[in-house]
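Shown next, in structure tokens, is the structure this report addresses.
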């Protein structure tokens, strides 16, 4: 359901940007460091929206990659600790479960 609302909001935002861009079709002068050009404002608006979307997407991908790498690291650490639990050196399960219940009650 969350994905559907996200898709609807993205499409609504895209529709607003497209409508705004269509209302602004007159050419504008863009000055670059190496020169200038006359470009319709609609292209400037749509290009800016596209670059903004690509930038947000890129940072999202980078964040997702970092989170996946962290999950792999933590999984590796957990797998290295499992032999300790099997040897009987770990805390009894009842204590862990009670501790979890106490933490949940304190967090609420």
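Just so you know, all these numbers are worked out from the coordinates, no wet-lab data involved. Predicted model, so just to flag it, every value in this text is computed and none were measured. Here Cβ is always computed from backbone atoms with ideal geometry, including for glycine, and neighbour counts include all displayed protein chains.
Net length available on complete extension from residue 37 to residue 54 is 3.8 nm, with 0.36 nm assigned per residue and the Cα-Cα distance removed.
Could you give the length gained on full extension between residue 44 and residue 1, defined as 0.36 nm per residue of separation minus the Cα-Cα distance, in nm? Numbers along the way, then the final one.
Values: separation 43, 0.36 × 43 = 15.48 nm, distance 3.40 nm.
Full extension from residue 44 to residue 1 adds 12.1 nm.
Working ranking of peptides 40-51, 16-27, 59-70 by packing, defined as the average number of other Cβ atoms within 10 Å per residue, highest first, is 40-51, 16-27, 59-70.
Site pair residue 25 and residue 72 shows an inter-label distance of 5.1 nm when each label is modelled 7 Å from Cα along Cα→Cβ. Based on every Cα atom in segment 1-90, Rg and the maximum pairwise Cα distance Dmax equal 24.1, 76 Å.
Please tell me the relative contact order of segment 2-59 in percent, rounded to the nearest whole number, where contacts are Cα pairs under 8 Å and at least six residues apart. The partial results should precede the final answer.
Working: 35 pairs, mean separation 15.5, N = 58.
Over segment 2-59, the number comes to 27 percent.
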